[in-house]
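As structure tokens, the structure follows; a few thoughts come after it.
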Amino acid sequence: MMAQTIALRVAAVTPLSPTLKAFTFVPAAGGLVPPSGPGAHLRLFLRDGAKLHKNAYSLIANPADRSHLSIIVRRVAASKGGSAFLHEQVGEGDVIEAGLPANLFPVTRTARRHLMVSGGIGVTPFLAYIAAFAAEGTPWQLHHFCRPDEREVFAALLAPYAGGSLHIHCDGTLDGLDAALRRQPLGTHLYTCGPESLMGAVLGQAQALGWPKVRLHSESFGGAVAGGEPFIAVLKRSGIEVAVDAETGLLDAIEAAGVEAPCLCRGGACGQCLIEVADGVPEHRDHFLDAEERASNRFIMTCVSRSRTPRLVLDL
Amino acid sequence: MNIPFKPNETFRDDYSYANSDAAVLRFPFPFPDDNYMYSVNIEPHVPGGPTPAFDNPFDVDEHYVAECRERAKVLEQDPSRCKVLPHMMAAEWDTLELIMESFATSYPEHFTLTREGINWTWENRPLGIRDSFTFGDASTLPLPPFEYITRQAQGDFTLQDQREDNLFIDGGMVTTQADWSMDFNVGMTFHQWHGPVPLAHEKGVFDRALKFLLRLQYGAPVRRLNWTMTVNPRLDTSPENYPQWGPDRTTVTPENVGRKLHLRVELQSLFRLPRSNAILFGIRCYLCSIEDLARVEIWGKRLHRVLRDLNPDIADYKGTTRYREMAVAYLAPFDDGAALPTGTAPRQSTLPPRSTLTSRG
């Protein structure tokens, strides 16, 4: 089963700096965009000639009226991927396919106070966070780290909240954060988004100061990207070879080849899609098999798991 | 299609609730096999299934008006049945948005949602409701958003907040429940509120289900069926009201078991809510007398086998101990022992009259 997608039309492209552009999308077919919440991201399917880039970008606003979706994209130096394509080849009126908004970096609603630490373009989810906190009246503080030449760009993005607890640091160190990490009231949650090195340092420092793990949150698009190495599934009983590409799941590929396979939840939990493996080594991604069954490599849950070997022979 | 509502039927006192033949045939029968055991029986909640009860995100049927009236009565006597913790306000609006959009799309002849930006107008013609309000501003609605909309829907609803790699039951509207209490469970984690269920913990059912649900995606809801049995067509079998319905279990006789004993099926649905990242859990309750179920040949036979061979721990947990033998004896004459196909579809489009069956039984 393929995930749902939506066709979005680019309503506005706004250059913010030599490497930053804001894109605003509306539904290509009219009507309303899907609802989303602070921390949600949008996966864009960018067709660049024969290449397909699937890039995830944080939504910078979650408008209650669902009139539009907005992201900010940094053109990565020497990028041959999606960001260069967006910057150079996408303009107003173009239509782009996208997944439904998903959220891997949600706000903790029970927090009494929110402390956010961003680096560079990592500020984007926090633009949506702050809007929500401001609307609800929950106390917040943001520490943003960036290069001196981009201070004005980020100050402009954060201008609507200039009266709040905003700190922009450009000295190339995290020194400005130390005091904030040391004196937060009980019940504060910490969120960080930016380069891996910054997130690692922030979380390390917080843990060293005794912050409980459940109060620490960092953005990661890891779970947004399924797929993996392509492989060939050999269906022994049907005598069919199914090519499973990097983006398609094994079960989806088997079904697309016209072979009926058992399944129910399609999320690796129910156990219905279990198939015996005759040859090859599965890459287990399910929650169903126990450690012993995994180690034996005798079974695979076709809905979520893949193959470690170029060929996987299944009793199907 | 206009649904022929039965606004005056009751779920208490004289129990005038009854299923039309069409309602029996659309019942979400829960047993695909002759044996029942707990499993992670979750599947994508996409339109379509063995009966029309699966055709829409939220099913509205002939009992809609009467059930909403029954809910109002329960809340009047016990307002604690609806409880939402303060940090769930975004999830309240999510629920209102989801149910209004679904109803208006699924049943345009009965419900209309008109939107101009954040200015919304909601029309619910079966209940005679028309309200204009500002989306996101609770002061513009006559009730808090979650209570407002779930008073207009069949079945119970709970809200699960996701944090600390767990789900917390932080809100709910629970008036048609199979012996559990929202007031008691509010704030519990996933494993805490499933604590009383026998066997399934040992089988790892809840560990796997939780991992699955933590990854539930917006736009990809899932569903499962759960079941128990209830004496008389009573929706509110709550622990709070146990003194009112518990003794009914002693009133079942071999003569009245067919009409009195109801299979109670919950069509449970789980939706990731987009604004709050919470999960909405819908628990839609369907009641059908075993006399009516036996009018569907495949269901009568299968129900006989499932009840006859039910694991004693499950039989006990579901509260069937006092009347299970009587139900099995009632259903036995319908079961010729022939092998049945896997699945739950009724495989017939009309029902024989009730009287024929009574003589056969």
3J(HN,Hα) from dihedral phi, region B:335-344, Karplus parametrisation 6.51/-1.76/1.60, rounded to Hz, x for glycine, proline: 10, 8, x, 5, 5, 10, x, 5, x, 10
5 angstrom amide H check on A:H169, placed H, neighbours 5+ away: A:H144, A:F145, A:C146
Chain B: angle of helix B:297-308 to the longest principal axis, Cα-based, in degrees nearest 10: 90
Proximal lysines relative to A:K236, as straight alpha-carbon distance under 26 Å, when same-chain residues fewer than 8 apart are discounted: none
Value of [θ]222 nm, deg cm²/dmol, for chain B, DSSP H segments ≥ 4, -39500 (n - 2.57) each, nearest 500: -7500 deg cm²/dmol
Solution diffusion estimate, µm²/s, Stokes-Einstein, region B:230-289, Kirkwood Rh from C-alpha pairs, 25 °C, viscosity 0.890 mPa s: 180
Whole-number D in µm² s⁻¹ for the protein assembly as shown, Kirkwood Cα-pair radius fed into Stokes-Einstein, 10 °C, 1.306 mPa s: 57
Integer Hz, Karplus 6.51/-1.76/1.60 couplings in order for region A:101-110, x for Gly and Pro: x, 10, 10, 10, 9, x, 6, 7, 6, 8
Relative contact order (%) - region A:1-153, alpha-carbon pairs under 8 angstrom, separation at least six: 28
Inter-part distance where region B:11-86 and region A:240-287 are each reduced to a Cα centre, Å: 33
Fraction in percent of alpha-carbon pairs per bin - 10 Å, chain B: 5, 24, 34, 26, 10, 2, 0
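Suppose every Lys and Arg Cβ carries +1 and every Asp and Glu Cβ carries -1, with no other charges. What dipole size does region B:1-43 come out with about its Cα centre, to the nearest 20 debye?
Details: 3 positive and 7 negative charges, 37 e Å.
Charge dipole, region B:1-43, about its Cα centre: 180 debye, nearest 20.
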Global geometry of region B:145-240, whether rounded, prolate or oblate, following the gyration tensor of its Cα atoms and the 1.5 cut on a/c: oblate
Under the Karplus curve 6.51 cos²θ - 1.76 cosθ + 1.60, θ = phi - 60°, whole-Hz ³J(HN,Hα) for region B:257-266, x wherever Gly or Pro sits: 4, x, 8, 7, 8, 10, 7, 10, 10, 9
Relative contact order (percent, whole number), chain A, Cα cutoff 8 Å, 6+ residue spacing: 13
Summed side-chain charge close to A:A243 - residues other than A:A243 whose Cβ falls under 15 Å, Lys, Arg +1, Asp, Glu -1: -4
Environment charge of B:T176, counting only residues whose C-beta is closer than 11 Å and scoring Lys/Arg +1, Asp/Glu -1: 0
Lys, Arg +1 and Asp, Glu -1 on Cβ, resulting dipole of region A:1-97 about Cα centre, debye, nearest 20: 280
For B:R302, A:R215, A:R183, A:R308, order by how many other beta-carbon atoms lie within 10 Å, fewest first: A:R183, A:R308, A:R215, B:R302
Contact order normalised by residue count of chain B, Cα under 8 Å, 6+ apart, percent: 21
Alpha-carbon centroid distance for the pair region B:302-342 / region A:88-131, whole angstrom: 53
Cα convex hull volume per residue for region B:58-127 (Å³): 111
Residue among B:V328, B:Y286, B:L307 farthest towards the positive dipole end of region B:211-361, charges placed on Cβ: B:Y286
Magnitude of the charge dipole, region B:1-135, Cβ model with Lys/Arg +1 and Asp/Glu -1, debye to 20: 360
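Given the rule -39500 (n - 2.57) for each run of at least 4 DSSP H residues, summed and divided by the residues of chain A, what is its mean residue ellipticity at 222 nm, to the nearest 500 deg cm²/dmol? Walk me through the numbers on the way to the answer.
Values: 7 runs with 62 residues, N = 316.
One gets -5500 deg cm²/dmol as the mean residue ellipticity at 222 nm.
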Cα-based Lys pair tally, chain B, threshold under 30 Å, eight or more apart or on separate chains: 17
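Only the coordinates and a few stated rules stand behind these numbers; no lab work does. Computed from a predicted structure; not experimentally measured. So basically every Cβ, Gly included, is an ideal-geometry build from the backbone, and we count neighbours across all protein chains shown.
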